[in-house]
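Colleague: Sharing a structure here in structure tokens format.
The values are calculated or read from the model by the stated rules, or taken from the named source; none is laboratory data. Bear in mind the structure is a predicted one, so any value in this text is a computation, not a measurement. So basically every Cβ, Gly included, is an ideal-geometry build from the backbone, and we count neighbours across all protein chains shown.
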Amino acid sequence: MVADSSRTIDLVRLKEQSLEHVHAIQAGPGHAPVTAGKRAGKEDKPRDVVGSIAHGLNVIKSFDAEHPQMTLSQVAERTGMTRAGARRYLLTLTHLGYVYHEDRLFRLSPKVMELGYSYLSSLPLSTIAQPYLESLRDETGETIALAVLDDGFVVHVARANSRKLMAPTLTIGRRFPAVYTSTGRVLTAMKSSREIKELIRQSAASPPTHLSLTGESELRETLEKVRRDRYAVVDQETEVGVRTLAVPIFNRSGEAVAAMNILTNIATVTKQYLIRTCLPLLKAAADDIQRALVD
């Protein structure tokens with residue numbers, strides 16, 4: 001379902017939660033204001049934000065599955081920096097061990113994984129949930145995952161991939177638009193009306209497939225149903241051929257802090273089977289994790 005080459009970039013994004021609202025940062029001479037290729041003026045830079053850190057993260061984020069290795073000019077173009085600015089950041093990252101440099105090409109090193117691991121290792125929920133994910137995977141034969149909400153996206157922080165040949169699989173750290181995933185819908189549905197409106201605005205702009213819901217009113221109605229039912233089924237809205245079912249996990253205060261889902265191939269698992277057979281198992285596992293969090 002996802003490419004391992006995307007994992008490094010997506011894990012790095014988990015370290016940027018305090019910077020994701022910054023759309024442009026001016027780091028000084030030789031740099032254009034950038035964030036993920038967008039430009040803006042100096043007025044967008046909060047006073048206490050360190051521009052060089054944001055630029056360094058943007059350089060790392062510029063590498064992806066389509067651009068696993070790039071020249072200096074390509075990095076400068078994708079980040080919006082000057083060649084001189086991009087060169088300084090690339091050489092600094094090379095010196096720190098996060099980037100490999102060979103001839104004219106640069107590529108990320110495995111050390112970048114440490115950035116995402118710092119987040120994952122500080123999240124006890126993933127450690128608590130892992131045995132339950134594996135047990136449910138063994139019982140159903142399907143891929144089971146745990147996700148948390150991050151602005152308009154869900155991020156998978158734990159998973160137990162199916163051993164079936166045709167079953168969907170997941171890579172930890174990958175981000176998906178929240179309103180198009182079953183985990184994202186159960187987490188979004190538990191928010192306030194104001195938060196739901198904002199989450200729809202953030203993640204509904206680019207439907208992943210032609211089967212994704214697109215209307216705001218339609219999404220709101222769907223989320224209201226999810227809120228009542230306490231589960232969500234999503235058919236091929238994130239990826240064609242994949243059907244998922246999710247339930248929320250609540251903390252001691254009754255806040256939905258994570259969601260657990262089962263991912264299936266529509267050719268082998270029907271929606272009726274998911275609801276009739278898998279939903280009770282999924283709810284039971286989520287309840288077990290919830291109790292473990294409270295204890």
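Colleague: Residue check: is GLU142 more than 30 Å from ARG83 (Cβ to Cβ), acidic (Asp, Glu) and surrounded by 22 or more Cβ atoms within 10 Å (Cβ to Cβ)?
Modeller: When the stated conditions are applied, GLU142 passes them.
Colleague: Something else about it: Could you list, in sequence order, the residues of region 165-190 that are over 29 Å from LEU115 (Cα atoms) and either in contact with a Cys (Cβ under 8 Å, 6 or more places away or on another chain) or in contact (Cβ under 8 Å) with a residue 24 or more places away in the chain (or both)?
Modeller: MET166, ALA167, ALA189, MET190
Colleague: Scan region 154-161 and give yes if some residue there is within 22 Å of ALA285 (Cα to Cα), part of a strand (DSSP E or B), of a type outside the set (Lys, Arg) and touching an Asp or Glu at 6+ places or on another chain (Cβ under 8 Å), otherwise no.
Modeller: Within region 154-161, one or more residues are within 22 Å of ALA285 (Cα to Cα), part of a strand (DSSP E or B), of a type outside the set (Lys, Arg) and touching an Asp or Glu at 6+ places or on another chain (Cβ under 8 Å).
Colleague: Kindly provide the set of residues from region 64-75 that are in contact with a helix residue (DSSP H, G or I) (Cβ under 8 Å, 6 or more places away or on another chain) and within 25 Å of ARG175 (Cα to Cα), ordered by number.
Modeller: ASP64, ALA65, HIS67, PRO68, MET70, VAL75
Colleague: Next up: I need the full set of residues from region 164-195 which are crowded, with 19+ Cβ neighbours inside 10 Å and in a helix (DSSP H, G or I), in order please.
Modeller: ALA178, VAL179, TYR180, SER182, THR183, GLY184, ARG185, VAL186, LEU187, THR188, ALA189
Colleague: Could you list, in sequence order, the residues of region 259-295 that are of a type in the set (Gly, Ala, Ser) and either assigned to a helix (DSSP H, G or I) or at pLDDT below 95 (or both)?
Modeller: Selection gives ALA267, ALA284, ALA285, ALA286, ALA292.
Colleague: Need at least 2 residues that are under 28 Å from ALA285 (Cβ atoms) and at pLDDT below 95 per element, so show me which helices (runs of 4 or more DSSP H) inside region 52-140 make the cut, counting only ones lying wholly within it.
Modeller: 113-121, 124-140
Colleague: So, one more: Considering only region 88-98, how many residues are in contact with a helix residue (DSSP H, G or I) (Cβ under 7 Å, 6 or more places away or on another chain) and buried (at least 17 other Cβ atoms within 10 Å of the Cβ)?
Modeller: Summing the residues that are in contact with a helix residue (DSSP H, G or I) (Cβ under 7 Å, 6 or more places away or on another chain) and buried (at least 17 other Cβ atoms within 10 Å of the Cβ) in region 88-98 gives 4.
Colleague: Give region 223-243 a look and list any residue that's in a helix (DSSP H, G or I) and surrounded by fewer than 17 Cβ atoms within 10 Å (Cβ to Cβ), or say none.
Modeller: Answer for region 223-243, where residues must be in a helix (DSSP H, G or I) and surrounded by fewer than 17 Cβ atoms within 10 Å (Cβ to Cβ): GLU224, LYS225, ARG228, ASP229.
Colleague: Scan (1) in contact (Cβ under 8 Å) with a residue 24 or more places away in the chain; (2) among the aliphatic types (A, V, I, L, M); (3) crowded, with 18+ Cβ neighbours inside 10 Å for the single condition ILE200 breaks and write down its number.
Modeller: Failed condition: (1).
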